[in-house]
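Accompanying notes for the structure given below.
The values are calculated or read from the model by the stated rules, or taken from the named source; none is laboratory data. Keep in mind that what you see is a predicted model, and the values were worked out from it rather than measured. Here the Cβ positions follow ideal geometry from the backbone for every residue, glycine too, while neighbour counts run over all protein chains shown. Surface areas here come from the heavy atoms of the whole protein model, side chains and all, with no ligands, DNA or RNA. Shrake-Rupley method; radii C 1.70, N 1.55, O 1.52, S 1.80 Å.
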Amino acid sequence: MRVEMAGESQRPDRVSEDYAAATPEALVLLDGSSSPAAMESGCEHGTAWYARRLGVHLLARMVDRPDRTMAQCLSDAIAETASLHGARCDLAHPNTPAAMVVAVRRHGPALQYLVLGDALLVLDRFGTVGVVGDNQPFPAGASLRREVHATPPGTPERAALHMRYALAVRAARNTGRGPWIAAALPKAAEHAETGSVPLAELRSLAALSDGASRYVERFDLGSWPDALALLDDQGPAELLRRVRQVEAEDADCTRWPRGKVRDDATVLYARMP
């Protein structure tokens, strides 16, 4: 695979909670689940630390253990990362650090993939484009999210609604009553969307955190085939530049209602030989 990547934190003074890494045979992208600043997590490390550790363990597992399925590799990586926390971290806390995951690897004549959460994997099968991910809707939180989007950024009302929404999501996730996400429970990997594609049928692929998938999913700057064409012609950095331009032009979130004015954004693009 020929791989290109680009990433940018939501603010220059803030560490990105995304993580991306690749080898010639595998790649991972993790989108850390950010929390309101006032929300406790029970962990002394934080989301960026978690996403990086989980990403490293997952990439190593996928490369070193071809006998393990993708879901088993993620389960192993979650368990290994949990063991690094130490006694002062409360892994049972509903806001323990967590991340969405996209992972792919070459496995014989096929490419295997795994997606957990609302990060996305886009597959170009020579003109037929498929999108994998964001397949765990949370209806109970949808109305709360709409309330957040309907209030002006930076206001106390929006902050209060955002906290209410975040608490509702965390109370439900990884319980069977809401979405599953990579956190401290290895069994979350069982709920990932997995599959495989013959390499001979695959032209290219892209993995995107939700801050980058805004290009199509939120801002409607083009279709997914348009996005893949842009990535192939001008690279991931150009896609992120266009996302940032729209965010800057709509800083009050009036035209494009959203939870954050800007978000961590990462794109990983791979072209098959």
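Report the full-extension gain for the segment Arg11 to Asn135: residue separation times 0.36 nm, less the Cα-Cα distance, to one decimal in nm.
41.8 nm
Taking every Cα atom in segment 138-273, find the radius of gyration and the maximum pairwise distance Dmax, and write them in Å.
Cα only, segment 138-273: 17.5, 53 Å (Rg, Dmax).
What is the distance in Å between the Cα centres of segment 172-234 and segment 23-73?
Going from one Cα centre to the other spans 15 Å.
What does the C-alpha gyration tensor say about the overall shape of segment 137-215? Classify as rounded when a/c is under 1.5, otherwise prolate if a/b is larger than b/c, or oblate.
Oblate, since a/c reaches 1.5 and b/c is not below a/b.
What do you get for Rg/Rh over the chain if you use C-alpha atoms and the Kirkwood form of Rh?
0.95
At a 1.4 Å probe radius, carbon and sulfur cover how many percent of the accessible area of segment 227-273?
50
Quick one: accessible surface of Leu228, probe radius 1.4 Å, all protein chains present, in square angstrom to the nearest 10.
Rounded to the nearest 10, the figure is 10 Å².
Classify segment 6-66 from the C-alpha gyration tensor, please: rounded if a/c falls under 1.5, else prolate or oblate depending on whether a/b exceeds b/c.
oblate
What accessible area per residue, rounded to a whole number of Å², is obtained for the chain using a probe radius of 1.4 Å?
Ligands and nucleic acids excluded, the figure is 44 Å² per residue.
Tell me whether segment 81-200 comes out rounded, prolate or oblate; compute the Cα gyration tensor, take square roots of the eigenvalues as a ≥ b ≥ c, and use a/c under 1.5 as the rounded threshold.
Verdict is oblate for segment 81-200.
So what are the radius of gyration and Dmax for the Cα set of segment 1-155, in Å?
Gyration radius and largest Cα-Cα distance of segment 1-155: 17.1, 53 Å.
Label-point separation (nm) for Ala172 and Glu238, each offset 7 Å from Cα along Cα-to-Cβ?
4.0
From the phi angles alone, apply the Karplus equation (6.51, -1.76, 1.60; θ = phi - 60°) to segment 184-193 and give each ³J(HN,Hα) in whole Hz, x where the residue is Gly or Pro.
10, 9, x, 5, 4, 4, 5, 9, 6, 8
Report the gain in length on full extension from Leu199 to Arg88: 0.36 nm times residue separation, minus Cα-Cα distance, nm rounded to one decimal.
Contour length minus the Cα-Cα distance gives 35.4 nm.
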